[in-house]
1. Inspect all residues belonging to the range 59-72 and state whether any of them is modelled with pLDDT of 95 or more, among the charged types (D, E, K, R) and in the same structural domain as residue 144 (by TED's automatic domain parsing).
2. Can you find a residue in the range 44-63 that is in contact with a helix residue (DSSP H, G or I) (Cβ under 8 Å, 6 or more places away or on another chain), hydroxyl-bearing (Ser, Thr, Tyr), more than 17 Å from residue 181 (Cβ to Cβ) and not in a helix (DSSP H, G or I)?
3. Check whether at least one residue in the range 132-147 is under 28 Å from residue 234 (Cβ atoms) and not acidic (Asp, Glu), and report yes or no.
4. Would you check which residues across the range 255-272 are among the hydrophobic types (A, V, I, L, M, F, W, C) and part of a helix (DSSP H, G or I) and list them?
5. Can you pull out the residues in the range 91-110 that are crowded, with 22+ Cβ neighbours inside 10 Å, more than 21 Å from the chain's Cα centre (by Cα) and not charged (D, E, K, R)?
6. Could you give me the residue pairs with C-beta distances under 6 Å whose first residue belongs to the range 179-200 and is touching a residue at least 60 places away in the same chain (Cβ under 8 Å), whose second residue is in a strand (DSSP E or B) and among the small types (Gly, Ala, Ser) wherever it lies, and which are 6+ apart or on separate chains?
7. Does residue 90 satisfy the criteria of being over 16 Å from residue 34 (Cβ atoms), of a type in the set (Gly, Ala, Ser) and in a helix (DSSP H, G or I)?
8. Please verify whether residue 125 is in a strand (DSSP E or B) and either touching a Gly at 6+ places or on another chain (Cβ under 8 Å) or more than 30 Å from residue 303 (Cα to Cα) (or both), treating the condition exactly as stated.
Amino acid sequence: MKTKHKITKVLIAFLMFLQWPVVAQNATPFSIGKIVKIHSKILNEDRSYVLELPHSYETSKKNYPILVLLDGEVSYHSHSGILNHMTQGGQIPEMIIVAISNVDRVRDYTPTKYLTNLNGSSAVANHKTSGGSALFLAFIEQELLPEIEKNYRTNAFKTVVGISHGGLLVGTAFLSKETTFNGFVSMDPSFWWDNQQVVKQLEKTDLNQIKSKRIYVSTADKFENFDRIPHVFKANINSHELFNTTLKNKGFSPAKVKLHYFTEENHWTVALLSLYHGMQFMYKDLKMKRMPESSVEDIVAYYKSNYNGAFLPPERDVNNTGYQHLKRNAKKAVAYFKLNVKNYPTSSNAYDSLGEAYMLSGDKKNAFKSYKKSFELDTENKHALKMMQQLKSE
């Protein structure tokens, strides 16, 4: 039986090999993002990045948040897949992904000149270009992001994601006065750098400078089958813990910071899990809790005060809230549906729901207007047409 099984596997492999040229000849290229080049006057060099627009970008008039991904040439494909999967599941909103490729990783991601490794050994050769992250952040903030915002529809919420030295850069950006980023995902970051320089910087940082931001820090805590010394990497974990404690001691809101331990992951395997959980944390407040019990004014205030006012109350959530009120008080429900019409003026469904609320509240004139608008936006809406005909006959 074993011999037959082996022969079968070999035969299948051989047949696949024969078919491969045919498949290849019939194949068409498939791409997600596009590579864009930009010349940086600040860095005095050409840089490149992968730009990926949301699936709905061409068919929608929405503005989208930006996600800047460091180490783009390595992380783009895997990270983009996870982000798109989360988007399709409704866990996070669609976003514009900007994955920056590296030129000199040590130079761009480190805040100070430091010629020592994590274990205390000399790193003169490897770290000789270190200390250039201020310029690299200036490139992102003053050249790259303005180009994206000029050419594409963006909103006011921006997130930066990085691991290891990239995570160190994320931490440095979090503490920067000049940053326009609101969300920070720092994955197993090198906070050990220069005797925990980022923690020292945090100690001197004014709370008002960072209190509106959100930061997620992950920690890999497994060393088996890993080529680093456990007690040395424990020093990096300690830097994560000290960063988290210092933040909270300064009065930073616990709801806006998370230190996440991954006890079964090492420095190389922690990235994708960190991205998934980090993005969940970033957008955990996007859906307003207890919306049905909230007034229209409270809903508007909530979304203005969260995420830098970048997101509107979700059409579906507001619509569901309106229908819950419709059962008890049609006139009160009108206000919720009017909010949707204001925020989503091209939505046929929003006008259809408003028409129903007007009709049940006895306002047939406005009910007809709403159904008419709904039908104009979607001539396939047979319900709106039926209701218009019914109102005309009354």
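The values are calculated or read from the model by the stated rules, or taken from the named source; none is laboratory data. Given the structure is predicted, the values throughout are model-derived calculations rather than measurements. FYI the Cβ positions are ideal-geometry reconstructions off the backbone, even for glycines, and counts take in every protein chain you see.
1. Checking the range 59-72: at least one residue is modelled with pLDDT of 95 or more, among the charged types (D, E, K, R) and in the same structural domain as residue 144 (by TED's automatic domain parsing).
2. no
3. Narrowing the range 132-147 to residues under 28 Å from residue 234 (Cβ atoms): 133.
Imposing the further condition that a residue be not acidic (Asp, Glu) reduces the set to 133.
So far as the range 132-147 goes, yes, one or more of its residues are under 28 Å from residue 234 (Cβ atoms) and not acidic (Asp, Glu).
4. Quick first cut of the range 255-272, residues among the hydrophobic types (A, V, I, L, M, F, W, C) only: 255, 257, 259, 262, 268, 270-272.
Result: 255, 270, 271, 272.
5. The answer is 110, and nothing else.
6. 187/218; 188/218; 188/220
7. Numbers: over 16 Å from residue 34 (Cβ atoms): yes; of a type in the set (Gly, Ala, Ser): yes; in a helix (DSSP H, G or I): no.
For residue 90, the condition - over 16 Å from residue 34 (Cβ atoms), of a type in the set (Gly, Ala, Ser) and in a helix (DSSP H, G or I) - is not met.
8. Working: in a strand (DSSP E or B): no; either touching a Gly at 6+ places or on another chain (Cβ under 8 Å) or more than 30 Å from residue 303 (Cα to Cα) (or both): yes.
Taking the combined requirement at face value, the residue does not satisfy it.
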